[in-house]
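One structure is given below, encoded as structure tokens.
The values are calculated or read from the model by the stated rules, or taken from the named source; none is laboratory data. In this text, all values refer to a predicted model and were calculated from it rather than measured experimentally. All Cβ positions, even for glycine, are placed from backbone atoms using ideal geometry, and neighbour counts span all protein chains on display.
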Amino acid sequence: MGNIWSVVNALRYLGSLVHVSGDPKEVAAADALLLPGVGSFRKAMLSLEMSGLDQAILEAVQGKGRKILGICLGMQLLGTRGSEDGDTRGLGLVANPVDRFAIGEIGANKIPHIGFDVVHSKPGSVLFSGLSETADFYFVHSYRMLSRGLIGTAATCTYGVEFLAAYEQGNIFATQFHPEKSQTNGLMLLRNFLAE
């Protein structure tokens, strides 16, 4: 769903062997997974379910302990549910729902949230290793995960309201921003994920 080739190009630039696949058997057997995406939560989940990729992802991540990085919509799909185009169950790998920014909570800001913005990471983060605790990354989104009540290391951004900009717990990693479009900071973050 969307930004696959810019992610592939960034990973290849970093020297990674990348294989794009929609085959559930290949996905379940992968050493590591990246789930990028732009577009509708509901349409993306329906696509994953119809192809059997939802179960392949869960088998790889939960059954085999493979690491996964969800990017933008890919991060949202890791959540418990999304409200875009109607309430839809997510993959449930991150125990938070995804909802649209509400006009009242973002002040004078516009929806969607587009452009570079400051991400505040926590010490000890794998993804943000070697980066400033306040680094800029590129966002394009209208929906977000709130940062309350999560177990794991999180990075946040504030766009009228604080939301989850990145997440990591065990073998599960996610970014609401696009590291593949975030220049040096994004390449460093992707390198950290690959090295983990």
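Inside the range 169-190, residues that are within 18 Å of THR134 (Cβ to Cβ) and either buried (at least 24 other Cβ atoms within 10 Å of the Cβ) or among the aromatic types (Phe, Trp, Tyr) (or both) make up a count of 5. If we scan the range 43-53, do we find a residue that is touching a strand residue (DSSP E or B) at 6+ places or on another chain (Cβ under 9 Å), modelled with pLDDT of 95 or more and within 22 Å of LEU127 (Cβ to Cβ)? Within the range 43-53, none of the residues are touching a strand residue (DSSP E or B) at 6+ places or on another chain (Cβ under 9 Å), modelled with pLDDT of 95 or more and within 22 Å of LEU127 (Cβ to Cβ). Applying the condition of being in contact with a helix residue (DSSP H, G or I) (Cβ under 7 Å, 6 or more places away or on another chain) and surrounded by 16 or more Cβ atoms within 10 Å (Cβ to Cβ) to the range 73-88 and asking which residue is nearest to ASP54 (Cα to Cα) yields LEU77.
The set of residues from the range 61-81 being without any contact (Cβ under 8 Å) to a residue 40 or more places away in the chain and in contact with a strand residue (DSSP E or B) (Cβ under 6 Å, 6 or more places away or on another chain) comprises just one member, ARG81. The single condition among (1) modelled with pLDDT of 95 or more; (2) more than 20 Å from LEU14 (Cα to Cα); (3) part of a strand (DSSP E or B) that ALA174 does not meet is (2). MET50 falls short on exactly one of the conditions (1) over 14 Å from LEU91 (Cα atoms); (2) exposed (fewer than 13 other Cβ atoms within 10 Å of the Cβ); (3) not acidic (Asp, Glu), and that condition is (1). Among the residues of the range 1-31, those identified as of a type in the set (Gly, Ala, Ser) and within 30 Å of PRO112 (Cα to Cα) are GLY2, SER6, ALA10, SER21, GLY22.
For every residue, the table says whether it meets (1) part of a strand (DSSP E or B); (2) crowded, with 17+ Cβ neighbours inside 10 Å; (3) within 16 Å of the chain's Cα centre (by Cα).
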site	(1), (2), (3)
GLY104	no, no, no
GLY115	yes, no, no
PRO123	no, no, no
ALA135	yes, yes, no
GLU162	yes, no, no
ASN192	no, yes, yes
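Might you let me know whether the range 164-179 holds any residue that is among the hydroxyl-bearing types (Ser, Thr, Tyr) and more than 16 Å from the chain's Cα centre (by Cα)? No, every residue in the range 164-179 fails to be among the hydroxyl-bearing types (Ser, Thr, Tyr) and more than 16 Å from the chain's Cα centre (by Cα). If you go through the range 32-72 one residue at a time, how many are more than 25 Å from PHE139 (Cβ to Cβ), in a loop (DSSP other than H, G, I, E, B) and in contact with a helix residue (DSSP H, G or I) (Cβ under 9 Å, 6 or more places away or on another chain)? Of the residues in that region, 3 qualify.
Scanning the range 73-89 for residues that are within 19 Å of ALA154 (Cα to Cα), part of a loop (DSSP other than H, G, I, E, B) and not hydroxyl-bearing (Ser, Thr, Tyr) turns up LEU78, GLY79.
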